[in-house]
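Taking it in order: structure first as structure tokens, then the write-up.
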Amino acid sequence: MNVFLESTKGFISLVGAGGKKSFMYALSKFVVGRVALSSTTRMYKYDETIVDKIVDIRSEENFKLNHTGRVVAFQKESSKQGRVEGLLDEELDCIWRSKKFEFLVCKADGARAKLIKCPNDDEPIIPTSCDLVVPIVSIKALGEKLTSRIAHRVHKLCELWRESSGCLITKEHIVSLMISKNGFLKNADEYKLLPLINMADSSKELEDATEIAEMALETTDRFDKVVIGSMLKGNVKKVVCRKSP
């Protein structure tokens, strides 16, 4: 996980699909300092076995930041069962500028627990103060049919790839998503990017992810390395860097 820590001052935003919450929890366990967790979008409730304190900021009069606990999640109650709402940009900025946390990890995109997604017109919602964006895709989407079973915003992926729903997802498709201004690069012009190809649990998945990473790095100069990992286990399997000319 050190590759992520070396690339940020501490405020990390996660976009895409296929392991944002797993990344959030893996980083929380890995680092030594205090960690704030939050989101800009609706999400499933936080895991209370990992989070020391959950703060609902609507129930606090002056949005105090004197909470104890190493890992603190900030949320708003949601009318949807099992979900919580995200915070506004100024609220996240307040948490970060309080200097009470070494890290703030923000889920800045929703994907309904799918393996791959293309952002909608109003997505992702990246906080102004963050300094690193980690776009995520699951290698397990490779070879699957493009349907709502594994993909979020199927119609946007169809537009991006000029394909029909039900097509088999190829390496070229994933590379296209990674290098597109309507994909991984959307709303991220001002931020450093460090993509993650997640869920590489087998040697074949690691091999496929490595090839995809190399193809992406040959096609764009927007990022200079790609991380391949298995965030459910908190493992970084490989860091693929741009080859020297």
A correct Stokes-Einstein calculation for segment 148-187, using the alpha-carbon Kirkwood radius, 37 °C and 0.692 mPa s, returns a whole-number D in µm² s⁻¹ of 316
What's the exposure ranking of S129, S176, S138, S39, going from fewest to most Cβ atoms within 10 Å?
-> S129, S176, S138, S39
For segment 20-132, shape from the Cα gyration tensor axes a ≥ b ≥ c, cut at a/c of 1.5 then a/b versus b/c, turns out rounded
When the chain is modelled as a GNM with alpha-carbon springs shorter than 10 Å, which of F103, F30, F184 fluctuates the most?
-> F30
With label points built 7 Å along Cα→Cβ from the Cα atoms of L88 and I50, find their separation and express it in nm.
-> 2.9
Would you list K237, K45 from fewest to most Cβ contacts within 10 Å?
-> K45, K237
Percent antiparallel among DSSP beta bridges with both residues in segment 2-241, to the nearest 5?
-> 25
Residues H67, H173, sorted so that the one with the fewest Cβ neighbours within 10 Å comes first | H67, H173
At a Förster distance of 25 Å, what's the computed FRET efficiency of R58 paired with L232, Cβ-Cβ distance as r, to 0.05?
-> 0.20
Which loop GluC sites (Glu not before Pro) in segment 124-207, with loop taken from DSSP, have no more than 13 other Cβ atoms within 10 angstrom of their Cβ?
-> E190
Provide the packing ranking of 213-222, 105-114, 12-21, i.e. peptides ordered by the mean count of other C-beta atoms within 10 Å per residue, highest first.
-> 12-21, 105-114, 213-222
Mean projection of the alpha-carbon convex hull of the chain over all orientations, in nm²?
-> 13.0
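Every number here is computed from the coordinates shown, using simple stated rules; none is lab data. It should be emphasised that the depicted structure is a prediction, and the values quoted were computed from it without experimental measurement. Positions of Cβ are backbone-derived with ideal geometry, glycine not excepted, and every protein chain shown enters the neighbour counts.
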